[in-house]
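**Student:** Shown below is the structure under consideration.
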């Protein structure tokens, strides 16, 4: 490859974390002089944001789950690749990873781009064993398999997905997400209509089985019984929102997804992430950067983020443990404040700009461009080769 690369990013999600990540990566790579474009469905927040940034978007019709339409989705993506003729195709999340690797080589006529796959959370955790079999096969058609956290890489290795792993941890924009002091907390509560003296737990994220809001709602009556003035804000949309609303009880408020969640983080006494699985949670990083303690499931993708003294890790789907951890922080402002301070300190080591620079260096290296990246060996799992981070 000569000169600066042409990169096509492909994503089916056009809202929430993956979409935000894709847009931010494009901004970073364009600033490096790379020619970037995005193939994604023409719905959601992402197309509008790309248009505002002046980044080319190719409409790619694709549904969230695999099915009878997947072959057509793969053919349409292949035609887009043939039109744009990228040097690098960067596939984000499961559907793009499926459609983009279904055809060996992606293109005809002798032009084969470098294929980068970034799971953002492994697909088999959502749809089961057939997806795991596919990931094992598709890894052979992948030039670079980028994991957003060490836990995600360990899971892939343990599941016998043998690929060219690299770990580039998710990060947070530390120029936007900064610790919120008492005055900022008060202003945020005024804007949101939350009482100044109300103990407030906040859960930000798509309302889905993955994110585990059902577990938090099951825990809420226990929390409310011991902290009667407490309130819970569930911020987000999703396929389980209607069901969650039916289970909401006293003190629970639902608000639709917001483009900027900083007011909710600032208003919170504790941020709760009861997820069943994660790649590496952006919400946890954002909340910590805002100086808020985090109570989260003890799973890969959260355990490597929520460090000692920054909150609590509890077993996934353990209603009693979750309720106790949340209640403790709602009833002990000193503990919550101390943990929030530690969370803010830990977040300083998770600058998104560092991750984007590492990703650019890895991709450039794999594509044969003159770039280097420091390598940190990560021990192998069960006899597998080590991965580089």
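Please treat every number below as a calculation from the coordinates, not as lab data. Note that this is a predicted model, so its numbers are computed, not measured. Using ideal geometry, Cβ is built from the backbone for each residue, glycine included, and neighbour counts are taken over all protein chains shown.
**Student:** Could you order the peptides 229-235, 155-161, 199-205, 188-194 from most to least packed, using the average number of other C-beta atoms within 10 Å per residue?
**Tutor:** Values: 229-235: 21.3, 155-161: 19.1, 199-205: 25.4, 188-194: 15.4.
Final packing ranking: 199-205, 229-235, 155-161, 188-194.
**Student:** By the gyration tensor of its Cα atoms, with a ≥ b ≥ c the square roots of the eigenvalues, what is the shape of the range 225-323: rounded for a/c under 1.5, prolate for a/b over b/c, or oblate?
**Tutor:** Details: a/c = 1.34, a/b = 1.25, b/c = 1.07.
In terms of gyration-tensor shape, rounded.
**Student:** Using 0.36 nm per residue of separation minus the Cα-Cα distance, give me the extension gain between residue 256 and residue 353 in nm, one decimal. Could the numbers behind the result be given before it?
**Tutor:** Values: separation 97, 0.36 × 97 = 34.92 nm, distance 2.87 nm.
That works out to 32.1 nm of additional length.
**Student:** Here's a follow-up. Based on DSSP H runs of at least 4 residues, each adding -39500 (n - 2.57), what is the mean residue ellipticity at 222 nm of the chain after dividing by all its residues, to the nearest 500 deg cm²/dmol?
**Tutor:** Details: 15 runs with 160 residues, N = 389.
Value at 222 nm, helices only: -12500 deg cm²/dmol.
**Student:** Follow-up question, since we're still on this one. Helix 70-84 versus the longest principal axis of the chain: what is the Cα-based angle in degrees, 0 to 90, to the nearest 10?
**Tutor:** Helix 70-84 sits at roughly 60 degrees to that axis.
**Student:** Now for a different question. Using a Förster distance of 41 Å, how high is the FRET efficiency between residue 4 and residue 237, based on the Cβ-Cβ distance and rounded to 0.05?
**Tutor:** On the way: r = 38 Å, r/R0 = 0.92.
The computed FRET efficiency comes out at 0.65.
**Student:** Sort out for me the Cα centre separation of the range 250-265 from the range 10-42, rounded to whole Å.
**Tutor:** Taking the Cα centre of the range 10-42 as reference, the centre of the range 250-265 is 25 Å away.
**Student:** Modelling each spin label as a point 7 Å along the Cα-to-Cβ direction, I'd like the residue 197/residue 160 distance in nm, to one decimal.
**Tutor:** 6.2
**Student:** Where a ≥ b ≥ c are the square roots of the eigenvalues of the C-alpha gyration tensor, would you call the range 182-347 rounded, which needs a/c under 1.5, or, failing that, prolate if a/b is larger than b/c, or oblate?
**Tutor:** Details: a/c = 1.22, a/b = 1.04, b/c = 1.17.
It comes out rounded by the Cα gyration axes.
**Student:** Same structure again: Pairing the Cα long axis of helix 352-366 with the longest principal axis of the chain, what angle in degrees results, from 0 to 90 and rounded to the nearest 10?
**Tutor:** Computed tilt is about 20 degrees.
**Student:** Based on other C-beta atoms within 10 Å, arrange 350, 147, 227 from fewest to most. Intermediate results must be reported in sequence, preceding the final value.
**Tutor:** Working: 350 22, 147 32, 227 18.
Ranking 350, 147, 227 by Cβ neighbours within 10 Å, fewest first, gives 227, 350, 147.
**Student:** Still on this model: If neighbour count is taken as other Cβ atoms inside 10 Å, put 359, 8, 80 in order from fewest to most.
**Tutor:** Numbers: 359 22, 8 26, 80 18.
Listing 359, 8, 80 from fewest to most nearby Cβ atoms yields 80, 359, 8.
**Student:** Here's another thing I want to ask about it. Compute the acute angle (0 to 90°) between the alpha-carbon long axis of helix 182-192 and the principal axis of greatest extent of the alpha-carbon atoms of the chain; round to the nearest 10°.
**Tutor:** 80
**Student:** Please state the relative contact order of the chain as a whole percent: Cα pairs under 8 Å, 6+ residues apart?
**Tutor:** Taking the mean separation of contacting Cα pairs over the length of the chain, I get 15 percent.
**Student:** Which residue fluctuates the most in the chain, going by a Gaussian network model with Cα springs under 10 Å, if the choices are 198, 148, 89?
**Tutor:** Maximum among the listed residues: 198.
**Student:** OK, next. Counting other beta carbons within 10 Å of each residue's own, what order do 70, 142 fall into, fewest first? Could the numbers behind the result be given before it?
**Tutor:** On the way: 70 16, 142 21.
With the fewest neighbours first, 70, 142 line up as 70, 142.
**Student:** A further question follows. Label points 7 Å out from Cα along the Cβ direction at residue 209 and residue 182: separation in nm?
**Tutor:** Those two pseudo-labels are separated by 4.6 nm.
**Student:** Additional query: With Kirkwood's inverse mean 1/r over C-alpha pairs for Rh, give me the Rg to Rh ratio of the range 279-369, two decimals please.
**Tutor:** Values: Rg = 15.9 Å, Rh = 14.2 Å.
Rg/Rh: 1.12.
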